[in-house]
C-alpha cells in the first residue's frame, strides 16, 4: 500500500521518477525479505524447539521460563528413547510395510494409468470419471465394512490389509501418472507395435523407464504415507511384536507423559527419514504438485 | 475397414486388461464395502453373533437419543468452518509472497513446505509439548508479553483452536499447488496492471485471484472432505480417544470409531458412516453448484 501512495504522490520529473522508483523497489525487496524471513522463523521454530528439547535435561524443561537453547547437551536422551521401546524391531516392521506399499503403488498406478492414457476402449471416459470420484469418498465410510471383511477372511492381525489394497491403484496416483503419460508421444508406442511389441511389453520395457520421475514421485509419497500411517496399523495390528513405529511412539507417549526430553527424542527419530527424504528428493515432492496443478486450470 | 475394427477391438481388450486392477479394487475395497455398510446400517450387527434387521432404529437412535452424535457433529463442523478458510487463505498468502523474482525463493519454499510433509504421531507429540500450559513454547512466548496463555488441550474452549493452529502450520502442501499455478501466470499481465497503476492488492484481486480460482475450488473441496475426517489428531492428543475435556475433541469419526471398535456396535457405526457419506456428498454438490459463480476458467486450456 505504501508503495502505491508513494508512486502517486511524487513529483513527475523524469530523472527523479527513476530514482524514486528504484528506491521504492528497494524498500519493497527489503519488506519482502523481512516478511519471508519472519514467516520462516515462525514455521521453523516448532522444529528447532523439538530438537532443542530432545537434548535438554528435565530440569531445563520444567524451569520457568524454560530455556530455548539447551545449556547442556544430553545425547543420552536418544538412547533412552530407543531403549524405552523396541525401536529397531518396530522400525523393521514399518519398513516391511512401507516397502511393500511402495512396490504396490508404483506398479499398480503405472499399469492402470497406461490403460487410461494410451489405450482406447468403450466406456473409458466414464471409468476415468469413476476413478476421480473415488477421491471424494471419505476413507472412514469404507473403513468399517473393510474391517469386517478383513476380519472374516482372517487378515486382522496381519500386514495384509495394509499392503494388499495398494496393489489396486488409487485415484490420485492414477491421475498423476496419466498426466505424465499424456506428455509422451504416441508415435513411440506405434513404432514399437510395428516392431511387433505388445502393450504389456511396451509398458514394462518402454514406459517404465520413460516415466521414472513420476514413478519416483509416487514411490516417495507412498513411502512417506506408509511410514507415517497411524490409523491402518492401529486398526489391524494386534500383536505388540508386530507394531509399527507410529503405534510404538503412541504407546511410548502414553507411558511417559510430560517426559518431554525423551518424547521429543523419539519424535525426532521417527521424523528423521521423512526429513532426510524431503531434503534429498524435494524435487520429486514438488514435481507431483506441478503435474496436478498444471491441469486443474 | 474390418482390419481397423479388429485392431480397435484388440486395443479395447488391452485397455480393459490394464484398468482391470482398478476395477477389481473398486469392487473389493469400495463398492462392496459401501454396499455392505448400507445394508448393515439397518441392522444391529455386532461383528460376531447377530445381524437382525431393525429398520431405521439406528438412525432414530442417532438423531433422537445420542447426544454425543450431535456433539461430535458440532465439533467437526466447528473445526471445518474455521480450518478450511483459514488454511486456504494462509496457503494462498504463502504462495503469493513466494511468487516473487527474488534471490533465495527456493530456500524459503523449502522451509514453507517442510511442515506439510511431516505427519503422524511424532508431529502430534511435538504439538502437545508446544501447547503444554506450563512448559510449552507457545505459552512461554506469550509470557514474554505478560500474557497468561490458555490451557489449550486442557480447556474445552481452546482445544479446537489449538488443533486449527496446528493445521495452519502445515498449510504448505496446498501452497505448492497455488505456487505452481501462479508461476504459469504470464508476467505481462502484472506488468500491464502495474502500468495501469494497480497496487499490490489490486494486482492480486484482478490478476492473481481469477487465475487461481480453479485451484481454490479443488482445494476447498478436498480440504472440506479432509476436515470432516479429522480423527488421528484427536485420538492421539487426548488420552486414547476419550474425546478430550468436556468431549470438546470428540469429532464425528472419533465417535464412530468408538462405536465400531470399542463398543462393537457395528450396525450403528455403519449407519453413522452412511450419514457421513451423505454429508460429504451434499457439501461437495454444494461446492460444485456454487463453482460457476466464482471459478474462472481461462480460455483455451479446457
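Rule-based calculations on the coordinates, nothing more; no lab input. Note that this is a predicted model, so its numbers are computed, not measured. Every residue, glycine as well, gets a Cβ built from its backbone with ideal geometry; the counts of neighbours run over all protein chains shown.
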Task: FRET efficiency for residue A:257 and residue A:72, using Cβ-Cβ distance with R0 set to 22 Å, rounded to 0.05 - done: 0.40
- [ ] Rank A:284, A:201, A:262 by mean-square fluctuation in a GNM of chain A with C-alpha springs under 10 angstrom and give only the top-ranked residue.
- [x] A:201
Open item on the list: What FRET efficiency comes out for residue B:35 versus residue A:24 if R0 is 60 angstrom and r is the Cβ-Cβ distance? Round to the nearest 0.05.
Closed with: 0.40
Task: Within chain A, helix-based [θ] at 222 nm, where runs of 4 or more DSSP H residues each add -39,500 (n - 2.57), nearest 500 - done: -23500 deg cm²/dmol
Open item on the list: Within 10 Å of each Cβ in A:87-94, how many Cβ atoms from other chains are there, averaged over the peptide?
Closed with: 0
Task: Two-site label geometry, residue B:7 and residue B:242: point separation in nm, points 7 Å out along Cα→Cβ - done: 7.0
Open item on the list: Residues of region B:249-269 with the amide nitrogen closer than 19 Å to a label point 7 Å from the Cα of residue B:59, along Cα-to-Cβ, please.
Closed with: B:256, B:266-269
TODO: Assign one of three labels to chain B, namely rounded, prolate or oblate, based on the Cα gyration tensor with a ≥ b ≥ c the square roots of its eigenvalues; rounded applies when a/c is under 1.5, prolate when it is not and a/b is larger than b/c, and oblate otherwise.
DONE: oblate
Task: Cα centroid separation, region B:171-214 to region B:56-93 (Å) - done: 33
Open item on the list: Below 8 Å between Cα atoms, with a sequence gap of 6+, how large is the relative contact order for chain B in percent?
Closed with: 27
Task: Partner chain coverage, peptide B:126-133 - average Cβ within 10 angstrom - done: 5
Open item on the list: Could you list B:148, B:159, A:94 so that the one with the fewest beta carbons within 10 Å of its beta carbon is first and the one with the most is last?
Closed with: B:148, A:94, B:159
Task: Footprinting exposure proxy for B:257, B:158, A:75, A:155 (fewest neighbouring C-beta atoms within 10 Å first) - done: A:75, A:155, B:158, B:257
Task: Relative contact order %, chain A, counting alpha carbon pairs below 8 Å whose residues are six or more apart - done: 29
Task: Residues listed by number, region A:105-129, amide nitrogen under 13 Å from residue B:291 label point at 7 Å toward C-beta - done: A:129
Open item on the list: For a Förster distance of 41 Å, can you work out the FRET efficiency between the beta-carbons of residue A:279 and residue A:197, rounded to the nearest 0.05?
Closed with: 0.55
Task: Residue with peak Gaussian network fluctuation, chain A [Cα springs, cutoff 10 Å], from A:129, A:19, A:265 - done: A:19
Open item on the list: Neighbour counts of other C-beta atoms within 10 Å: give me B:206, A:74 arranged from fewest to most.
Closed with: B:206, A:74
Open item on the list: If each DSSP helix of 4+ residues adds -39,500 (n - 2.57) and the sum is divided by the residues in chain B, what number results at 222 nm, nearest 500 deg cm²/dmol?
Closed with: -20500 deg cm²/dmol
Open item on the list: Principal axis extents for region B:144-228, Cα atoms only, whole Å, descending order, please.
Closed with: 53, 36, 16
- [ ] Note down the nm distance, to one decimal, between modelled labels 7 Å out along Cα→Cβ at residue B:70 and at residue B:141.
- [x] 3.9
TODO: Kindly rank B:163-174, A:104-115, A:207-218 from highest to lowest mean number of other beta carbons found within 10 Å of each residue.
DONE: A:104-115, B:163-174, A:207-218
Task: Convex hull volume of the protein assembly as shown per residue (C-alpha atoms, cubic angstrom) - done: 200
Open item on the list: Which of A:38, A:154, A:169 ends up with the largest GNM mean-square fluctuation for chain A, with Cα atoms connected below 10 Å?
Closed with: A:38
TODO: Work out, in µm²/s and without decimals, the Stokes-Einstein translational diffusion coefficient of region A:81-296 at 37 °C, 0.692 mPa s, Rh from Kirkwood over C-alpha pairs.
DONE: 170
- [ ] Give the Cα extents of region B:1-59 along the principal axes, in whole Å, largest first.
- [x] 61, 20, 15
